[in-house]
Amino acid sequence: MNMKQKEVWLVTGSQHLYGKDILKEVAVHSASICKHFNATNHIAVTIFFKAVVTTQEEILQVFMEANKNEGCVGVMAWMHTFSPAKMWINGLNVLSKPLLHLHTQYGESIPWESIDMDYMNLHQSAHGDREFGFICTRMKISRKVVVGHWRDIEVQKEIDHWSRAASGWKDWQGAKFVRFGDNMRQVAVTEGDKVEAQMKFGFAVNTYGVGDLVEAINAVSNIAIAALVETYSNTYDLSEDLKMGGSMHASLVEAARIELGLKHFLEGGSFKGFTNTFEDLHGMKQLPGLPVQRLMNAGYGYAGEGDWKTMALVRAMKVMGTGLTGTNAFMEDYTYDFKEQGGLVLGAHMLEVDEGLAEGNIRCEIHPLGIGGKEDPVRLVFDGKAGAALNASLIDLGNKFRLVVNKVEAVKPPKDLPKLPVARTMWRPKPDFKSASTAWILSGGAHHTCFSQNLNVKVLEDFCEIAGIECIVIDEETNLKSFKTYLKGFD
């Protein structure tokens, strides 16, 4: 994923009332703003100056081009001068890409001694953008509004947050995800309406039998397996029993076979993510731990136990976080320490924790697994990095989708965990353990999440605005009494 290959088109509004010279200056200013945006390191995507538009025909044409252009993830509109908003109606009616309204002005300060009507006619964003804002509100157009001078770093960061959200949304459009078997039996939160999700979000989730995957696994060549096993040896700290000649080396070979077969299946179907369940492993020798950890780290979305919503969310958040330090990964709230640091959450899963979360050396080990009824699986074991993070959960409430987000502070485990045979990370939820847990449960948040080390909450808020779904945020400012009132506003 290369974010610079993604484009946000700047479309600048004006009109012919002011003459050709003014329009030329508007174009020069627009190009200058884009050049500055692309030179800064605060915006991940490429900002492309598309056009100065002055008629409804021009606006309609450029928006239709944006819809068809694969590289364009969104449109940024700015009214340099006054642009009568009725001209924008037809274009806004057809625009299917996310919209950002940039409320800026080319000149940062008023030139007190030289200002005249020529300057005033050129720098009309103050009321031109209000005209555009009115028509968007009248038409109920969902959009992001960013206010401030274009050289302001905070303005650029807001544009970056939105452009990352738009990139994640673009990645979902037409995306295919595979579900091997059904979800874990009797579990409610991992269910959902896949038809409604495809209508709402643009991605498709379809089920394939585990036998289809087993066929791909069995077709892997011994040469490819040997090469991957060598990669394992050079990358991780292998336990003695997994090394060549060790008593469990055959299990490492089998893990490599599964990874290569799974990768071949995903690539062959152009899938962007997958989910499986330990209750449906017919024909497989072990539950895939190491293969899933590595494929997730390579960019695939994943969630366990048939949880297709979290799997799709992990993929989108990986796209949104491209180029940022840290990763986005499938996670599960597993167990608590009520006393330590006011309450800590130990996050893990049976096997499948993304190696991108790790700090320090990563151990490759094999341990018994009491569920699934298969041979002992190979997995990577490590502690997650400390630092600011968040958990996000996409849920289906029957009549609507909702994203629940909790800001957390990841911490190093206060003590060693010598007998815990899985990768793990620990965090302290905000505003505090009790309030965060209560708010999460009241919101309906799932036990499966996407754990992010690098995304700002604003990115996910922008993503929900684009998707047209609720975003419930639990952070350092959350107060339970007011939160309950806030939550009722979504009912």
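Computed from the coordinates by the stated procedures, all read-outs in this text should not be read as laboratory data. Model, not experiment: these values are computed from the prediction. Using ideal geometry, Cβ is built from the backbone for each residue, glycine included, and neighbour counts are taken over all protein chains shown.
Give the peptides 29-36, 243-250 in descending order of average Cβ contacts within 10 Å, highest first.
29-36, 243-250
Be a star and scan segment 308-347 for residues whose amide nitrogen sits under 11 Å from the point 7 Å along the Cα-to-Cβ vector of LEU417.
The answer is 332-337, 345-347, whose backbone nitrogens lie closer than 11 Å to the label point.
Every cysteine in the chain with no other Cys Cβ under 4.7 Å from its Cβ, please list them in numeric order.
Cys with no partner Cβ under 4.7 Å: CYS34, CYS72, CYS136, CYS364, CYS450.
For segment 161-188 and segment 306-352, compute the distance between their C-alpha centroids and round to whole Å.
15 Å
Under the rule of at least 5 residues apart or a separate chain, name every residue whose amide H is placed under 5 Å from the amide H of PHE203.
Those lying under 5 Å, H to H, from PHE203 are GLY174.
Just tell me which lysines come within less than 25 Å, Cα to Cα, of LYS50; anything on the same chain fewer than 8 places away is out.
LYS4, LYS6, LYS20, LYS24, LYS35, LYS68, LYS86, LYS97, LYS140, LYS144, LYS157, LYS170
What is the magnitude of the charge dipole of segment 1-142 about its Cα centre, with +1 placed on the Cβ of each Lys and Arg, -1 on the Cβ of each Asp and Glu, and no other charges, expressed in debye to the nearest 20?
600 debye
Sorted by packing (mean other beta-carbon atoms within 10 Å per residue), highest first, where do 193-204, 345-356 land?
With the highest mean Cβ count within 10 Å placed first, the list reads 345-356, 193-204.
Can you give me the long-range amide H partners of GLY347? Hydrogens built in the peptide plane at 1.01 Å from N, cutoff under 5 Å, separation of 5 or more residues or another chain.
TYR334, THR425, MET426, TRP427
If you line up the Cα atoms of segment 168-277 on their principal axes, what length do they span on each, largest first, in Å?
Principal extents (largest minus smallest coordinate, Cα): 52, 31, 26 Å.
Taking θ = phi - 60°, what integer Hz values does the Karplus form 6.51 cos²θ - 1.76 cosθ + 1.60 yield along segment 221-228, in sequence order, with x for Gly and Pro?
Once θ is set to phi - 60°, the couplings for segment 221-228 become 7, 5, 5, 5, 5, 4, 5, 5 Hz.
Full-extension gain between SER142 and GLN61, please, as 0.36 nm times their residue separation minus the C-alpha to C-alpha distance.
The SER142-GLN61 span can extend by a further 27.1 nm.
Quick one: 3J(HN,Hα) in Hz for segment 230-240, Karplus 6.51/-1.76/1.60 with θ = phi - 60°, rounded, Gly and Pro as x.
5, 4, 4, 4, 7, 9, 10, 7, 6, 5, 4
What spacing in nm lies between the two simple spin-label points modelled at ARG185 and ALA386, each 7 Å away from Cα in the Cβ direction?
Between ARG185 and ALA386, the label points sit 4.4 nm apart.
Find, among the trypsin sites (Lys or Arg not before Pro) in segment 333-419, those assigned to loop by DSSP (not H, G, I, E, B) with at most 10 other beta-carbon atoms within 10 angstrom. Intermediate results must be reported in sequence, preceding the final value.
On the way: sites: LYS339, ARG363, LYS374, ARG379, LYS385, LYS400, ARG402, LYS407, LYS415, LYS419; in loops: LYS339, LYS374, LYS385, LYS400, LYS415, LYS419.
Filter output for segment 333-419: LYS339, LYS415, LYS419.
Using the alpha-carbon centroid of each, what span in Å lies between segment 1-67 and segment 464-491?
34 Å
Would you indicate which of [x] 28.1, 98; [y] 22.4, 74; [z] 25.3, 85 is the value of Rg and Dmax of the Cα atoms in Å derived from the coordinates of this structure?
[z]
Just rank LEU394, LEU99, LEU480, fewest to most, by other beta-carbon atoms within 10 angstrom.
Listed from fewest to most nearby Cβ atoms, that is LEU480, LEU99, LEU394.
For each of LEU390, LEU213, LEU397, count neighbouring Cβ atoms within 10 Å of the residue's Cβ, then give the residues from fewest to most.
Sorted ascending by nearby Cβ count, the order is LEU397, LEU213, LEU390.
Treating the angle as unsigned and between 0 and 90°, give the value, to the nearest 10°, between the Cα long axis of helix 20-39 and the longest Cα principal axis of the chain.
20 degrees
Using alpha-carbon pairs under 8 Å, 6+ residues apart, how would you state the relative contact order of segment 321-367 in percent?
With pairs under 8 Å counted, the relative contact order is 34 percent.
In nm, to one decimal, how far is the modelled label at ALA27 from the one at LYS4, with both set 7 Å along Cα→Cβ?
Rounded to a tenth, the inter-label distance reads 2.7 nm.
Report, to the nearest 10°, how far helix 249-268 tilts away from the longest principal axis of the Cα atoms in the chain, using its own Cα long axis and a range of 0 to 90°.
Roughly 30 degrees, rounded to the nearest 10.
All other residues with a Cβ under 13 Å from the Cβ of VAL473 taken together, and with Lys, Arg as +1 and Asp, Glu as -1, what is their net charge?
Summing Lys and Arg as +1 and Asp and Glu as -1 gives -3.
Kindly put MET184, MET117 in sequence by how many other C-beta atoms sit within 10 Å of each C-beta, fewest to most.
MET117, MET184
Principal axes first, then extents: for the Cα atoms of segment 1-88, list largest minus smallest coordinate on each axis, whole Å, largest first.
Here the Cα extents, ordered largest to smallest, are 43, 26, 16 Å.
Farthest toward the dipole's positive end in the chain, which of LEU242, VAL220, MET139, given Cβ charges of +1 (Lys, Arg) and -1 (Asp, Glu) about the Cα centre?
MET139
If you filter segment 108-149 for GluC sites (Glu not before Pro), then keep DSSP loop positions with at most 12 other Cβ within 10 Å, what is left?
GLU108, GLU113
By DSSP, what percent of the beta bridges with both residues in the chain are antiparallel, rounded to the nearest 5?
Bridges in the chain that DSSP calls antiparallel: roughly 45 percent.
Quick check on the chain: helices-only [θ] at 222 nm, where DSSP H runs of length 4 and up contribute -39,500 (n - 2.57) each and the sum goes over total residues. Nearest 500, please.
It comes out at -11500 deg cm²/dmol, rounded to the nearest 500.
Give me the dipole magnitude in Debye, nearest 20, for the chain about the Cα centre, with unit charges on the beta carbon: positive for Lys and Arg, negative for Asp and Glu.
For the chain, the charge dipole is close to 540 debye.
Taking Cα pairs under 8 Å and at least six residues apart, what relative contact order does segment 1-117 come out at, in percent?
RCO, segment 1-117: 34 percent.
Tell me the chymotrypsin sites (Phe, Trp or Tyr not before Pro) within segment 264-367 that lie in a loop according to DSSP and have at most 10 other beta-carbon atoms within 10 Å.
Taking segment 264-367 and a limit of 10 other Cβ atoms within 10 Å, the loop chymotrypsin sites (Phe, Trp or Tyr not before Pro) found are PHE338.
Calculate how steeply helix 125-138 sits against the longest principal axis of the alpha-carbon atoms of the chain, using the helix alpha-carbon long axis, and give the answer as 0 to 90 degrees to the nearest 10.
Orientation of helix 125-138: about 60 degrees from the principal axis.
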